[in-house]
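Structure record follows, encoded as structure tokens.
The values are calculated or read from the model by the stated rules, or taken from the named source; none is laboratory data. Being a predicted model, the structure only gives us computed values, none of them experimental. Here the Cβ is made from the backbone with ideal geometry for all residues, glycine too, and neighbour counts use every protein chain on show.
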């Protein structure tokens, strides 16, 4: 049997990245958001190999592309919440966060017919300084997937935490074997959790020219070969969603 991984995607706009946020064009007229162009090929590839994944969807993306979210859901993938605006918890308070979650859950339920079970905070912003958010997460979700695996935070989580193991930037810059080795190393007593942003797997995704060269290098490094590497990854292992994992664990 092929080695099993939990596969997740943060479905957000390419310009939501906090890494280059302050270098975005001032007019912020992002007519090309690349949501459809980057997500459709992924869905086709998952369908080809029979994989399932969890998509943590930004409320604003679901609002703009309800048919895409419906297609993801109807294909048997899990729809989780990624909040509404992609504002870091450091930019929010309890009232604003709860409003964002309620708005997003309403949008997603209207599309899929059910409330999302899982949540992932933007930019790994759940930690010791933002633990005030935990009671809100507990109120609205059955599990969380927000904690940085490289953090030393010892938060006492009120719901099961299925922390991501290794993200797309490591996938892009590391040899595939090393990436998978590290993902397994970071995971304990469960399948490794891989997470990606659809736009980072395609060289043709929009880019910005502003900001320090080293930040732009890190942000776009490996995008030329990312899709071919992703195809190889999909063909070599078995991938399931969080929902699949939880259901299997309960059996």
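Of these, 19, 90, which one is surrounded by fewer than 23 Cβ atoms within 10 Å (Cβ to Cβ), more than 17 Å from the chain's Cα centre (by Cα) and within 26 Å of residue 211 (Cα to Cα)?
90
Among the residues of region 87-124, count how many are assigned to a helix (DSSP H, G or I), out of contact with any strand residue (DSSP E or B) (no Cβ under 7 Å at 6 or more places or on another chain) and at negative phi.
18
So, in region 49-68, exactly how many residues are in a helix (DSSP H, G or I) and either free of Cβ contacts under 8 Å to residues at least 60 places away in the same chain or closer than 16 Å to residue 16 by Cβ (or both)?
Summing the residues that are in a helix (DSSP H, G or I) and either free of Cβ contacts under 8 Å to residues at least 60 places away in the same chain or closer than 16 Å to residue 16 by Cβ (or both) in region 49-68 gives 9.
Only one residue in 143, 84 is farther than 23 Å from residue 182 by Cβ and out of contact with any strand residue (DSSP E or B) (no Cβ under 9 Å at 6 or more places or on another chain). Which one?
Result: 84 is the single residue among 143, 84 that is farther than 23 Å from residue 182 by Cβ and out of contact with any strand residue (DSSP E or B) (no Cβ under 9 Å at 6 or more places or on another chain).
Condition (residue is touching a residue at least 40 places away in the same chain (Cβ under 8 Å) and out of contact with any strand residue (DSSP E or B) (no Cβ under 8 Å at 6 or more places or on another chain)) applied to region 156-172: is it met by at least one residue?
Within region 156-172 (the criterion being touching a residue at least 40 places away in the same chain (Cβ under 8 Å) and out of contact with any strand residue (DSSP E or B) (no Cβ under 8 Å at 6 or more places or on another chain)), the answer is yes, since at least one residue qualifies.
Give region 226-240 a look and list any residue that's in contact (Cβ under 8 Å) with a residue 24 or more places away in the chain and assigned to a helix (DSSP H, G or I), or say none.
Correct list: 226, 227, 229, 230, 231, 232, 233, 234, 235, 236.
Out of 155, 194, 178, 185, I need the residue that is part of a strand (DSSP E or B) and over 19 Å from residue 59 (Cβ atoms). Which one?
194
Here is a list: 78, 98. Which entry is within 26 Å of residue 140 (Cβ to Cβ), in contact (Cβ under 8 Å) with a residue 24 or more places away in the chain and over 19 Å from the mean Cα position of the chain (by Cα)?
98
Quick check on region 179-199. Is at least one of its residues modelled with pLDDT under 90, out of contact with any strand residue (DSSP E or B) (no Cβ under 7 Å at 6 or more places or on another chain) and under 24 Å from residue 40 (Cβ atoms)?
no
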